[in-house]
1. Inverting the mean 1/r over all pairs of different Cα atoms, compute the Kirkwood radius of segment 1-85 and quote it in Å.
2. Taking amide H positions as placed 1.01 Å from N in the peptide plane, with prolines and chain starts having none, which residues 5 or more places from Asp22, or on another chain, fall under 5 Å of its amide H?
3. What does the accessible area per residue of the chain come to in Å², with a 1.4 Å probe and no ligands, DNA or RNA counted?
4. Carbon-plus-sulfur fraction of the accessible area of the chain, 1.4 Å probe, in percent?
Amino acid sequence: MTVPSFAFVCHVDGLRHHFERDGEHHGRPAYRRTDGQVRCLWAPGLGWHCEIGDGLVTAHPVNGTGDEAEPPATVWRSFKGDRSYLYDLVTPGGG
């Protein structure tokens, strides 16, 4: 069963970014941040990642192959300019 939603929780300040199911991409579930600015999806050669509208990759899982059926509930690293943050991907009921 595919999770309908999840959140990224920032290690530094606990800020949560919520994502909801948004169709499919390359035969796997795709998700969009509820503010509509970031997508979390899987693609060949990239695995699971987050990207903004122009296709710029902004985050990926720290551990794992990135080839799971769903976004892995693990630590993810985001990149924005010269800044980088760690987030936990948590599913409903998972924290």
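1. Answer for segment 1-85: a Kirkwood hydrodynamic radius of 13.0 Å.
2. Distant-sequence amide H within range of Asp22: Ala30, Tyr31, Arg32.
3. That works out to 58 Å² per residue.
4. Carbon plus sulfur share of accessible area: 51 percent.
The values are calculated or read from the model by the stated rules, or taken from the named source; none is laboratory data. What you are looking at is a predicted structure, and each value in this text was computed from that prediction instead of being measured. For the accessible areas, the whole protein counts, side chains as well, though only heavy atoms, and no ligand, DNA or RNA atoms are used. Shrake-Rupley method; radii C 1.70, N 1.55, O 1.52, S 1.80 Å.
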